[in-house]
Every structure is written in structure tokens, then in C-alpha cells.
1. Can you tell me how many residues within the stretch 167-184 are acidic (D, E) and either surrounded by 15 or more Cβ atoms within 10 Å (Cβ to Cβ) or not in a helix (DSSP H, G or I) (or both)?
2. If we keep just the residues of the stretch 98-137 that are among the aliphatic types (A, V, I, L, M) and over 20 Å from R68 (Cα atoms), which is surrounded by the fewest Cβ atoms within 10 Å (Cβ to Cβ)?
3. Condition first: in a loop (DSSP other than H, G, I, E, B) and either of a type in the set (S, T, Y) or out of contact with any Gly (no Cβ under 8 Å at 6 or more places or on another chain) (or both). Now tell me which residues in the stretch 144-155 satisfy that.
4. Which pairs have Cβ atoms under 8 Å, sit 6 or more apart or on different chains, and link a residue in the stretch 96-107 that is more than 14 Å from R124 (Cβ to Cβ) and modelled with pLDDT of 95 or more to one that is of a type in the set (K, R) and assigned to a helix (DSSP H, G or I)?
5. Go through the residues of the stretch 289-297 one by one and say whether even a single one is touching a residue at least 24 places away in the same chain (Cβ under 8 Å), among the small types (G, A, S), closer than 19 Å to L313 by Cα and in contact with a helix residue (DSSP H, G or I) (Cβ under 8 Å, 6 or more places away or on another chain).
6. Among the residues of the stretch 128-143, write down those that are more than 16 Å from D109 (Cα to Cα) and part of a helix (DSSP H, G or I).
7. In the stretch 80-127, how many residues are farther than 25 Å from Y149 by Cα and touching a Cys at 6+ places or on another chain (Cβ under 9 Å)?
8. Select from the stretch 278-313 the residues that are among the basic types (K, R) and either buried (at least 16 other Cβ atoms within 10 Å of the Cβ) or modelled with pLDDT under 95 (or both) and list them in ascending order.
Amino acid sequence: MTNGRWIVALVIAGLGWVPWARAAMAGTTLATAQAALQAGRADEALGLLQAALKADPKDAEAENLRCRVEFTVQRFDQAVEACERAVNLNPQSSRYHLWLGRALGEKADHAVFTSAFSLGKRTREEFERAVAADPRDAEALADLGEFYYSAPGVMGGGTDKALGVVSKLDGVDPVRAHEMRARMANLKKDTVEAEREFKVALKASPRPAFQWMTLASFYGRHERLAEMVEAVKSGLAAAEKDKHSVVALYNGASVLMRANQEPELAVKLLETYVASPEKTEEGPAFEALTRLANLRKQMGDGPGAQRDRAAALALAREYKPALELKF
């Protein structure tokens, strides 16, 4: 018999699930949910995770994945709750503290001042715990550094703290370290130094598509629109040579939309991204489709906009920006 038939036979015989069979089934469910999350199939992922947690309410990884799905659909209260459960079940996980910090940060951004203050302090604490649990986690270091240089001192922010994180990033992820220095320089209105650091990061990156889009965002925020468009096009060319960089196209489209420039190029970037099998949760497919719908609406393509909106809601039926899109 195959393993699957042995499992069925055991159940029929009334012997129940043996531990290895239960673990194998749980692992398969979580892997499928993870794949659905990366592909932007939010409703599918949530259904799988609800089933997993019904079978094992103490599955910390299932709770973390549920947090991340809720995060992508911008239900930040639910994301915080799920991530809190994951952290309580496994307080040693750097990754769980990192995602709780991210969820708390987004909740703070959408809260009134009094709540935002306490949520901001909790955000910092979770990022610090993430780094303490794994001092070489580049994502945790980057998020903590960003908090330090952007948050006021009363919340625990501070330039000196951020510089300490940058020095640690130098030995873990030099590209992120240069990008952080660039953003800190930009906050100080030292645009010459910021641009220099962004270009150093671009030169050092093994996947330059992302750094081209970051540089494009810098140009866009300083209304250097011609340079912004050229940087986006360079990012597109780099992504075409590296399928694992395709989410950079989502980032480039965001830059163009924010600056109200080159809508046809933005559509091309989003269409290419949505059609790719290499989508990630960093650019949720339903959000990309909603942005496509907005672009098509602005360009007078009503049927195309309605088609993209419907496709977005088929992946995440409660995604508020798609629900609120009117024609």
C-alpha cells in the first residue's frame, strides 16, 4: 500500500491518526496555504488555515500565516490577533515577532493618535525582539532600523540607534545597509548623499531590478520625473533577465501611479506581474488587479476595469479597495 492508503485503512479500522500521519497532513496543508498566499489567493489560503487551526489550535505557523494573509488584505486588527497568538505559541521565533511588529505598525498608521502612540511603542518592542531572537535576520534589522530613524524619540526612535542597526546590516546585507543610509540622508534633505547611496546599493545588488525601482521612487518624490521613468524602464529590463525579480514590476507600477506618469507603462508592468507564476505576498495579486482596474478606469476602459475588479474579488472577496471601486 501507498502511505495514503495506509492512512485511510487506519481510519477505517478505527485506529485514528498516527502522529506522523497527522504531521504530514498538517505540513501539506500549510505548504498549500503558503503557496496560495504567495499567489495572492487570499480566500483559499484563509480557508486552508482555518481548517489547519481547527485540527490543531496550537499550530503557531498556521497562526503566523493567517496573520500574513490578513495583512495582505489590510485587515490589520485580525492580523495583529493572529500574530499575537503565533508569538504566544512560539515566543522564540524571530519571524513571528517581526510579523507582529509589522501588523502593529500598520494598525498604528490607521489609528487615532492616542492609540497610535502605544501601538508604535509595541511595534518597536516587537522589532527589537525579532532582532534579539536572530541578530542576522536582515529583514528584522531593516524594519527595526526604519523604525528608529523615522519614529520620534518618545516612541523610542533615534538616529544613533538607526546608525547602530546600519552597522550590523553592513555585515549581513550591504545592499539594505546602503538603502537605509540613503533614506536617512533623504530625511535630512541631503538628496545628493541619498542619491549616491541608492546608486551604491544598485551597483552592489545581485538583483538590480528592485534597486532601480527604489531609485525611481526617490526620483519621483523629488519630481525628477524623466529620471524616474528611465529608472523604471531600467528596472523592467533587469526584471526581464531574472524571473525571481518580477515583483519589482509591481513596485515600478506603484511609482508611476503615485506620480501620475506613463499609465500605459504602468499597465504593462502590472499585466506582466499578474501573468507571472513568480508572484509574492509583497505584491498581492488582488491588489495588483485592483490597481489595474483603477488604471483602466482612468484610461476609459470600463469593461477592462470591471474585469480586473472581478478577478481581484475572486481572490479576496472582502478586499475593501476593490469593493469600493465604482464605475
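1. Initial filter on the stretch 167-184 (acidic (D, E)): 170, 173, 179.
So of that shortlist, the ones also either surrounded by 15 or more Cβ atoms within 10 Å (Cβ to Cβ) or not in a helix (DSSP H, G or I) (or both) come out as 173, 179.
Total satisfying the criteria: 2.
2. Only one residue tops the list, namely V112.
3. We begin by selecting, within the stretch 144-155, every residue in a loop (DSSP other than H, G, I, E, B); these are 151-152.
P152 - this is the single residue of the stretch 144-155 that is in a loop (DSSP other than H, G, I, E, B) and either of a type in the set (S, T, Y) or out of contact with any Gly (no Cβ under 8 Å at 6 or more places or on another chain) (or both).
4. W99/R68
5. Of the stretch 289-297, the ones touching a residue at least 24 places away in the same chain (Cβ under 8 Å) are 289-297.
Narrowing the set further to residues that are among the small types (G, A, S) leaves 293.
Cutting the leftovers down to closer than 19 Å to L313 by Cα gives us 293.
When the remaining residues are screened for being in contact with a helix residue (DSSP H, G or I) (Cβ under 8 Å, 6 or more places away or on another chain), the result is 293.
Looking through the stretch 289-297, at least one residue is touching a residue at least 24 places away in the same chain (Cβ under 8 Å), among the small types (G, A, S), closer than 19 Å to L313 by Cα and in contact with a helix residue (DSSP H, G or I) (Cβ under 8 Å, 6 or more places away or on another chain).
6. From the stretch 128-143, those more than 16 Å from D109 (Cα to Cα) are 128-142; that's our starting set.
If the condition is that a residue be more than 16 Å from D109 (Cα to Cα) and part of a helix (DSSP H, G or I), then E128, R129, A130, V131, A132, A133, A138, E139, A140, L141, A142 are the ones that fit.
7. Result for the stretch 80-127: 5.
8. Taking the stretch 278-313 and keeping what is among the basic types (K, R), we get 279, 291, 296-297, 307, 309.
Selection gives K279, R291, R296, K297, R309.
The values are calculated or read from the model by the stated rules, or taken from the named source; none is laboratory data. The structure displayed is predicted, hence computed values, not measured ones. For neighbour counting, all protein chains shown are included, and Cβ atoms are generated from backbone atoms with ideal geometry for every residue, glycine included.
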